[in-house]
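A short write-up of the structure that comes next.
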């Protein structure tokens, strides 16, 4: 029987089909799901912030888009995935508060999405789909066997990208 592996906030993990991988509570955070369609090895990073250079003395690699995505790819390669075949899907990056500010720091969700897309582009990993932005949180489950990225949100129909 397949297992569903949990990924916490500012965390990442990998799995092989038929297992799936999930994370809860993506608000302004982003869930970056990556898979190698040949080996059916996949992984999920739950990143909280866009750039590790903005915070000093922080060694939590999965917390940031710039370091977490690279680490996820590295761990997937260690399991036998090939970076040249990897594809990605992204969810999250919402604006969770009604007030807006001119301050860039208040747009964490948008910045997380942009930083995730930038990191994936730098790694030459194609983004197949994304469900980002808006003003609601998401819970996701990723299945590396099929590439299905199931997105659930309170009061919304389940979506598969």
- Query: What number of residues within the stretch 77-88 are outside any loop (DSSP other than H, G, I, E, B), surrounded by fewer than 24 Cβ atoms within 10 Å (Cβ to Cβ) and touching a strand residue (DSSP E or B) at 6+ places or on another chain (Cβ under 8 Å)?
  - Reply: 3
- What is the residue count in the stretch 25-48 for residues that are modelled with pLDDT of 95 or more and in a strand (DSSP E or B)? 15
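With 154, 150 as the choices, which residue is more than 15 Å from the chain's Cα centre (by Cα), more than 20 Å from residue 64 (Cβ to Cβ) and either surrounded by 18 or more Cβ atoms within 10 Å (Cβ to Cβ) or free of Cβ contacts under 8 Å to residues at least 40 places away in the same chain (or both)? First the steps, then the outcome.
On the way: 150 fails: more than 15 Å from the chain's Cα centre (by Cα).
After ruling out the rest, the residue left standing is 154.
The values are calculated or read from the model by the stated rules, or taken from the named source; none is laboratory data. Every value quoted in this text rests on a predicted model; they were computed, and no experiment measured them. Please note: Cβ atoms are built from the backbone with ideal geometry, for glycine as well, and neighbour counts cover all protein chains shown.
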